[in-house]
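Shown next, in structure tokens, is the structure this report addresses.
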Amino acid sequence: MNPLLSSSSEVMNVIRADRARAVVRAPVIGDPAALAQVLAGAGLRAVELTFTTLGVLDAITKATAVTDAVIGVGAVTTRAQAEAAIEVGARFLATPALRPEVAEVAVAHSIPVIMGAFTPSEVLAAAELGAAAVEIFPARVLGPQYFEDLLGQFPHMSLIPFGGVNSHNARDFLHAGAIAVTAGTEVVAPTDVEAARWSHIGSKAAHFVHSLD
């Protein structure tokens, strides 16, 4: 593990610097290290594997061998999942809802947790639970204007859109005040992962990163 990425603040600095993180929703990942390497090489160093993937803990272990990448885990809903992910090397956690037990584990291990929310009350509750950033899901429902409205009330909140973000609208979310966006299936299509189309994924990741400028 890269010692420069050992703290919560350093991990979030990577996400802020890249203005994005990649979220992998594939059912299985044949070569997690190859996937992490191609994404990091394209400029998406924060790579989130999820508990929707079969054998995700083993995948995290293999992917953390890529020192250029910051490997996290998403779809975390229980304390046991959070503890297991950290034990195998996950550097950040993401949960789709307000999960106090996940936040407690993250805070205890100085691991950043990105917590899902939608309403203003949920956003505030996530921050109070210790979320390093709040993931607005599904972002496609209300769009970038909703981020401007939320930040009008919570100007210092770190918000990240998830769900419906693509190369056509990602920059709009950043301009609306999001600290980063989410590169999902447009970049990391499950079929591409299954077929090990690493160069194709890398090209799509580079295109997504370029769209942020």
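Side notes on the structure shown:
- In the complete set of protein chains, residue-level accessible area for Asp213 is approximately 100 Å², probe 1.4 angstrom.
- Contact order for region 3-212, expressed relative to its length and based on alpha carbon pairs under 8 Å spaced 6+ residues apart, stands at 23 percent.
- For the chain, the dipole from Cβ point charges (+1 on Lys and Arg, -1 on Asp and Glu) about the Cα centre works out to 280 debye, to the nearest 20.
- The fraction of accessible area contributed by carbon and sulfur in the chain is 55 percent, rounded to a whole number (1.4 Å probe; ligands and nucleic acids excluded).
- For region 8-117, averaging the sequence separation of C-alpha pairs within contact (under 8 Å, six or more residues apart) and dividing by the residue count gives a relative contact order of 23 percent.
- Among the GluC sites (Glu not before Pro) in region 73-106, none sits in a DSSP loop with a Cβ that has at most 12 other Cβ atoms within 10 Å.
- The sum of -39500 (n - 2.57) across all DSSP H runs of n ≥ 4, divided by the residue count of the chain, sets its helix-only mean residue ellipticity at 222 nm to -12500 deg cm²/dmol.
- Converting phi to 3J(HN,Hα) with the Karplus coefficients 6.51, -1.76 and 1.60 and the offset θ = phi - 60°, region 68-78 yields 6, 9, 10, 9, x, 9, x, 6, 7, 10, 10 Hz in sequence order, with x at every glycine or proline.
- Longest to shortest principal axis, alpha-carbon extents of region 119-209, angstrom: 43, 25, 20
- Relative intensity, log₁₀ I(q)/I(0), of region 1-96 from a Debye sum that treats every alpha carbon as a point, q = 0.13, 0.17, 0.20, 0.23 Å⁻¹: -0.36, -0.63, -0.90, -1.22
- Over the chain, the pair-distance histogram of Cα-Cα distances with 10 Å bins from zero comes to 9, 38, 39, 13, 0 percent, rounded to whole numbers.
- For region 3-212, the antiparallel share of DSSP beta bridges with both residues in that region comes to about 0%.
- Average Cα contact separation per residue, region 47-107, under 8 Å, 6 or more apart, as relative contact order %: 33 percent
- Rounded to the nearest whole Hz, the Karplus-based 3J(HN,Hα) values (6.51 cos²θ - 1.76 cosθ + 1.60, θ = phi - 60°) of region 33-47 follow the sequence 5, 5, 5, 4, 5, 5, 5, 4, x, 8, x, 10, 6, 8, 10, with x at glycine and proline.
- Computed from point charges on the beta carbon alone (+1 for Lys and Arg, -1 for Asp and Glu), the dipole magnitude for region 64-132 about its Cα centre is near 60 Debye.
The values are calculated or read from the model by the stated rules, or taken from the named source; none is laboratory data. Please read all numbers here as calculations on a predicted model, not as lab measurements. Because the Cβ atoms are built from the backbone with ideal geometry, glycine has one as well, and the counts that use them run over all protein chains shown. For accessibility, only protein heavy atoms count, side chains too; no ligands or nucleic acids. Shrake-Rupley method; radii C 1.70, N 1.55, O 1.52, S 1.80 Å.
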